[in-house]
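Before any comments, here is the structure.
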Amino acid sequence: MADTRKLVILGSGSAGLTAAIYAARAQLQPIVISGSQRGGQLTLTTDVENFPGFPEGIQGPELMEIMRKQAERFDTDFIEEDATAVDFRTRPFEVTAAQKTLRAESVIIATGAGTNWLGLPNEQRLIGHGISSCAPCDAFFFRGKEVAVVGGGDSAMEEALVLTKFATKVTIIHRRDRFRASKIMAERALRHGKIEVLWNTVVVDVLGNGSVSGLRLRDVGTGREWPFRVDGLFVAIGHHPNTELFRGQVELDDQGYVVVREGTRTSVEGVFAAGDVHDHRYRQAVTAAAFGCMAAMDVERYLEGHSTH
Ligand code: NAP
């Protein structure tokens, strides 16, 4: 067991990197286990227009890259892998990543959230073969084709709008008769000439052998089912917290989000949580960053009372 760190940060999205910037400036020399999806969910998006400080907007991946540079400037180390195990019952805590176990006086959990899939019979088989959850990553492959987006939130609107740059027609399939999305995003989608909406409709299954050739849809009011021809399906129905690793180690709520009290404190003293891993209410890049800042400040205060060196 080579290293004992003052602080290990799990996750490298907006929350984790902001925590790193604050902790590094407080001379805690944090190490960030950045995870296989380095940069978190913002790397799966394009234009970010609501992060303060960028009047013309900024691309999500670029925003994460400059946050990372800022953390590196103040002495932050990175391990570019997923953490595979944690032990919060011992002191110092133990975190395993890249076949190495780190010891840590404090930990910030900032592992964010991942895509929810629909759970359809042929869904998993066709992910990457016409099914995607990331239009900015995959829209290019649907140039000149017809695609569908499932969901009624901001993510679904954003996916649909990105897809209009490539696809000839984008159909949003939503299970209710109104969108959950913010007014501005919903109006942008509804006004777009290439976007159509199927209200009160759910996807029953995805059709296609090697790749997606269509969907089986159902009208939730009448129960009528029919085949619907598309070349691609984008699933945008929300996310779940990435907390499997922490089950039995810190208190989670019934949906699996980390329970925090008094700022960013978890049920284990010395373990803190920041961002979408505990926040299912706001879920914004800027709120995740704010929680990252709070977590680093909470760690600093905690270590003042507990640090062994
Ligand atoms: P969301 O707001 O939770 O919306 C999920 C949508 O998927 C809802 O419309 C929901 O339908 C539908 N849905 C859920 N489960 C479903 C199922 N099994 N089958 C069919 N439909 C299902 O999630 P989100 O759109 O990912 O947004 C998450 C957060 O990120 C929000 O706070 C959002 O504002 C934010 N966000 C912001 C931006 C931006 O500002 N540019 C972009 C993306 C996301 P119901 O409406 O019937 O519940």
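Here are a few things to note about the model shown:
- Charge dipole of segment 117-235 (Cα centre as origin; +1 on each Lys and Arg Cβ, -1 on each Asp and Glu Cβ, all else neutral): 240 debye, rounded to the nearest 20.
- Among GLY292, GLY13, GLY248: highest mean-square fluctuation, GNM of the chain, C-alpha pairs under 10 Å: GLY248
- Accessible surface for THR287 stands near 40 Å², nearest 10, in the context of the full protein assembly shown (1.4 Å probe).
- Rounded to the nearest whole Hz, the Karplus-based 3J(HN,Hα) values (6.51 cos²θ - 1.76 cosθ + 1.60, θ = phi - 60°) of segment 247-262 follow the sequence 4, x, 10, 10, 5, 10, 7, 5, 9, x, 6, 5, 7, 10, 9, 6, with x at glycine and proline.
- Under a model in which nothing but the beta-carbon of Lys, Arg (+1) and Asp, Glu (-1) is charged, segment 70-168 shows a dipole of about 220 debye around its Cα centre.
- With every protein chain in place and a 1.4 angstrom probe, the accessible-area ranking of LEU217, LEU245, largest first, reads LEU245, LEU217.
- For the chain, the equivalent ellipsoid built from the Cα gyration tensor has semi-axes of 39, 20, 17 Å, listed from largest to smallest.
- Just checking the listed ones, GLY232, GLY193, GLY270: in the Gaussian network model of the chain with Cα springs under 10 Å, the one fluctuating most is GLY193.
- Cβ distances below 4.7 Å define possible disulfide partners, and in the chain the cysteines left without one are CYS293.
- Karplus 3J(HN,Hα) series, Hz, for segment 50-57 with 6.51 cos²θ - 1.76 cosθ + 1.60 (x for Gly, Pro): 10, 8, x, x, 10, x, 8, x
- For the chain, share of DSSP beta bridges that run antiparallel, in % to the nearest 5: 45
- Heavy-atom accessible surface of ARG216, to the nearest 10 Å², is about 90 Å², with a 1.4 Å probe and all protein chains retained.
- GNM result for the chain, Cα springs below 10 Å: residue of PHE141, PHE88, PHE291 fluctuating most strongly: PHE141
- Nearby lysines by direct alpha-carbon distance to LYS169 (threshold 28 angstrom, same-chain neighbours under 8 apart not counted): LYS145, LYS183, LYS194
- Both the radius of gyration and Dmax for segment 117-235 are 13.0, 38 Å, in that order, over alpha-carbon atoms.
- Surface composition of the chain: carbon plus sulfur atoms contribute 47% of the solvent-accessible area (1.4 Å probe, protein chains only, all chains present).
- In this Cβ point-charge picture (+1 for Lys and Arg, -1 for Asp and Glu), the chain has a dipole of about 700 debye about its Cα centre.
- The residues CYS137, CYS293, sorted by heavy-atom accessible surface at 1.4 Å with ligands and nucleic acids left out, run CYS137, CYS293 from largest to smallest.
- Unit Cα scatterers, Debye sum, segment 143-211: log10 I(q)/I(0) for q = 0.24, 0.25 Å⁻¹: -1.04, -1.11
- Solvent-accessible surface of the chain, averaged per residue with a 1.4 angstrom probe and all protein chains in place: 49 square angstrom.
- Rounded accessible area of MET64 (nearest 10 Å², 1.4 Å probe): 10
- The 1.4 Å probe gives accessible areas that order GLU269, GLU244, largest first, as GLU244, GLU269.
The values are calculated or read from the model by the stated rules, or taken from the named source; none is laboratory data. Bear in mind the structure is a predicted one, so any value in this text is a computation, not a measurement. Don't worry about glycine lacking a Cβ; one is built from the backbone with ideal geometry, like all the others, and counts go over all protein chains shown. Just the protein is used for accessible areas: all its heavy atoms, side chains included, with ligands, DNA and RNA removed. Shrake-Rupley method; radii C 1.70, N 1.55, O 1.52, S 1.80 Å.
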